[in-house]
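S.K.: To start, I am sharing the structure in question, which I have written as structure tokens.
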Amino acid sequence: MKQIFCVFCLALMVSCAAPEKVETTVLSPSKENTVSFSLDESGQLFYSVTHADLQFIKSSALGFELKEQSLKNNFEIVSSSVSSQNTQWKTVWGQRETVIDHFNELILHLKQKETNILIDVIARSYDDGVAFRYVFPEQENLKDFVITDELTEFSFNDDYKAWWNFADYDNYEKVYYNSPISKIGDSIQFYRRPDKEERPNMCNTPTTIEVSNTLVVSIHEADLTDYAGMNLLNTLDGSKLKAHLTPWLNGDLVRGSTPFKTPWRTVQIGKSAGDLVESDLIMNLNPPCAYEDTGWIETYKYIGIWWELHIGKTAWAEKTQFGRPINRPHGANTKNAKYHIDFAAKHGIPDVLIEGWDKGWDDMEGSWTGYGIFDWKTSTDDFDIEEVCRYGKEKGVRMMMYHETISDIDHYEPAMDELYKMCSDLGIKTVKVGYTGDVNYDYDKKTYRQHHHGQYMVRHYKKMVQKAAEYKLLIVNHEPIKFTGEQRTFPNLMAREGARGQEYNAWSSGNSPEHGVVLPFTRILGGPIDFTPGVLKTDLPDKDWSDAKFQVRTTTCKQLAYYLTMFSPIQMAADLPENYEGNKAFNFIKDVPTNWSESIVLNSKIGDYYTVVRKERGTENWYLGSISDENPRELDISLDFLANGKTYEATIYADAKDAHWDTNTQAFEIVTKKVSSKDSIKMILAPGGGQAISFKVVE
């Protein structure tokens, strides 16, 4: 009887105990960044983000619409859990060797009342930003599903200044604009190409927002591997942006089965634009390296049969290019390839990219379109791939393979295994894979069958990188899905284009002097870029189809500085070999490393100027790159990043006094002097100019 009474009392105590407290807020380790959640009266989940005392993202909606039901309202928070992590991990390559992964995490377990469908929301707060993702656990009440709308909002507290470019589901190669958030995608004020399906009120991510003089944030996503790419829709409701996913052709946004998790929705937070560059938030939100052995992965520089194609000196095709007869020679011939190999061997450059080496270019229906016209293994009549690779091996130089898929996934994906084995057998290390044109082009309808930034292609890009790894191949990807930090998981994914690169200077209105000072704070926040710097001859040949003047709108020294400011572990020396011979600026291109143990942003203002220093991995040597927009700059730089007690020889590549991006692009001077960590340097940048410096320890 006594035992029964005790059990009864214990049960009574448990039943009367206070319910478990549900945590709905998570702070960063420094307590400066906070993300908070709440349910409104309808049971819809909302969040907000605060830095210090400023709630810059106010209450913003979360949730989904599925094809079979709504996951918007009638939720309850069943429970929550909190945890912390403070670890470090080593990069295979990158802006730094050791990355700190320090965050506090909150998991909310939600249940929809009438359906009993379960959803978890995982939120992490770091000192350099916050992030959250949705997780659909395995459950009886939700198995296969189709997302028809993601309801995630980013409702800003004021109409802050944003840096953005138009979204169109297929191409990131756009001009960047700055405007109030409420004017993003205003097609009246900003030039838009409706024929390219640029959405009038929609932008790509990363989109970067200047909240104040001491607070800059960027909206993006992380770990995008089986989902649709997220665009940001201007809701035209004040300064509220909303997630807008790239669809399948039938209108489905995402197809999934539980268990399932979305990419992270990320908000990088910094006191300056440079803090965003130094942030490791995006990579930290990706899984660890998928490969046990990474010894086969390397970083380096390359040249190629590439720039000559863009400026019109030679052609990709043999007789008919983009549906029109050509009157210039085919660039990728055996003789020209050997010429480039000889130049690379002479200057210690390990790879030569060769574009247009294979059959199929003559069969394109129009500009970069076709279906079933390439097999990616049959050489043109004037190119002997086995001889070129044999000759290169003799000289210590590899061919960099180029597969222009023209987005013909139906044929390329099944062939990847055979093609990558072919590359491996030929001694090739890197494959540049291009995805121009419409995905799985439909000849009858003259249009695409899928979008580049939708789930179909996101899955393909991942398969492509994984298949390349089976043959220990590196990938450089053009016309890609955006980088979302997956280079941590798949470090053979070396670089992606995904921006208006150097090539646009060759055949379009070109890139403005401001363009290069925007990319590091927008596009490159997601991951490394294949911008193809190093063009020293900036006046370009005339075109028979245009009266416009074609030029590269930078100075020589800005092109050198790009090797630091346009981060990539594989960098191209993009100009023609003949423009490098005898040019002392080429010495910096040959000398600058491609892998770093530490990187520090010394000054920055989006669209105006940017200075970064990077320490070569494995040495005490540092390299500096500084660039400006169309305005001249004077910048005082402390050298306190150098090691104390050591003397360095600084080799300074500086704009000449009369240098100018338009009128005197190639004027520069080289100064060498001894410096230490106690010194400082006054840098004078020309309009549209830059400066590049190497600091080498004097033994």
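The values are calculated or read from the model by the stated rules, or taken from the named source; none is laboratory data. Keep in mind the model is a prediction, meaning the values are calculated, not measured. Neighbour counts are summed over all protein chains in view; Cβ atoms, including those assigned to glycine, are modelled from backbone coordinates with ideal geometry.
S.K.: Looking only at the stretch 191-212, decide whether some residue is farther than 24 Å from Lys605 by Cα, without any contact (Cβ under 8 Å) to a residue 12 or more places away in the chain and not basic (Lys, Arg).
M.R.: Within the stretch 191-212 (the criterion being farther than 24 Å from Lys605 by Cα, without any contact (Cβ under 8 Å) to a residue 12 or more places away in the chain and not basic (Lys, Arg)), the answer is yes, since at least one residue qualifies.
S.K.: I want to confirm something. Restricting to the stretch 486-522 and keeping residues that are among the hydroxyl-bearing types (Ser, Thr, Tyr) and out of contact with any Cys (no Cβ under 9 Å at 6 or more places or on another chain), which single residue is nearest to Asp544 (Cα to Cα)? I'd like the intermediate steps shown before the answer.
M.R.: Looking only at the stretch 486-522, we keep the residues that are among the hydroxyl-bearing types (Ser, Thr, Tyr), and these are 489, 504, 508-509, 512, 522.
Cutting the leftovers down to out of contact with any Cys (no Cβ under 9 Å at 6 or more places or on another chain) gives us 504, 508-509, 512, 522.
Working: Tyr504: 17, Ser508: 13, Ser509: 15, Ser512: 23, Thr522: 35 Å.
Going through the qualifying residues, I end up with Ser508.
S.K.: Is it the case that some residue within the stretch 343-351 is surrounded by fewer than 16 Cβ atoms within 10 Å (Cβ to Cβ), closer than 27 Å to His452 by Cβ and not aromatic (Phe, Trp, Tyr)?
M.R.: no
S.K.: Ok, one more. Would you kindly identify the helices (runs of 4 or more DSSP H) lying entirely within the stretch 269-328 that contain at least 3 residues that are over 17 Å from the mean Cα position of the chain (by Cα), of a type in the set (D, E, K, R) and in the same structural domain as Ile475 (by TED's automatic domain parsing)? Full working, then the answer.
M.R.: Values: elements: 273-278, 281-284, 307-310.
Here the list is empty.
S.K.: Can you tell which of Asp658, Asp640, Asp629, Asp636 is in contact (Cβ under 8 Å) with a residue 60 or more places away in the chain and among the acidic types (Asp, Glu)?
M.R.: The conditions single out Asp629.
S.K.: Any idea how many residues of the stretch 321-357 are touching a strand residue (DSSP E or B) at 6+ places or on another chain (Cβ under 6 Å) and among the charged types (D, E, K, R)?
M.R.: 3
S.K.: Give the stretch 248-257 a look and list any residue that's surrounded by 19 or more Cβ atoms within 10 Å (Cβ to Cβ) and in a loop (DSSP other than H, G, I, E, B), or say none.
M.R.: Leu253
S.K.: Considering only strands (runs of 3 or more DSSP E) fully contained in the stretch 1-67, which possess at least 2 residues that are modelled with pLDDT of 95 or more and either within 28 Å of Asp101 (Cα to Cα) or touching a helix residue (DSSP H, G or I) at 6+ places or on another chain (Cβ under 7 Å) (or both)? Full working, then the answer.
M.R.: Values: elements: 25-27, 33-39, 45-51, 54-61, 64-66.
Qualifying strands (runs of 3 or more DSSP E): 25-27, 33-39, 45-51, 54-61.
S.K.: Separate question: Among the candidates Tyr441, Tyr435, single out the residue that is closer than 17 Å to Trp376 by Cβ, crowded, with 23+ Cβ neighbours inside 10 Å and within 24 Å of the chain's Cα centre (by Cα).
M.R.: Sole residue among the options that is closer than 17 Å to Trp376 by Cβ, crowded, with 23+ Cβ neighbours inside 10 Å and within 24 Å of the chain's Cα centre (by Cα): Tyr435.
S.K.: Still on this model: Please indicate, with yes or no, whether at least one residue in the stretch 679-695 is touching a Phe, Trp or Tyr at 6+ places or on another chain (Cβ under 6 Å), assigned to a loop (DSSP other than H, G, I, E, B) and surrounded by fewer than 19 Cβ atoms within 10 Å (Cβ to Cβ).
M.R.: no
S.K.: Okay, next question. Considering only the stretch 420-436, I want to know if a residue exists there that is outside the structural domain of Glu173 (by TED's automatic domain parsing), of a type in the set (S, T, N, Q) and not in a helix (DSSP H, G or I).
M.R.: Start the filter on the stretch 420-436 by keeping residues that are outside the structural domain of Glu173 (by TED's automatic domain parsing), which leaves 420-436.
Now restrict to residues that are of a type in the set (S, T, N, Q): 424, 430, 436.
Filter once more, so that each one left must be not in a helix (DSSP H, G or I): 430, 436.
Yes - at least one qualifying residue is present in the stretch 420-436.
S.K.: Could you list, in sequence order, the residues of the stretch 575-596 that are more than 23 Å from the chain's Cα centre (by Cα) and assigned to a helix (DSSP H, G or I)?
M.R.: Result: Pro577, Glu578, Asn579, Tyr580, Phe586, Asn587, Phe588, Lys590, Asp591.
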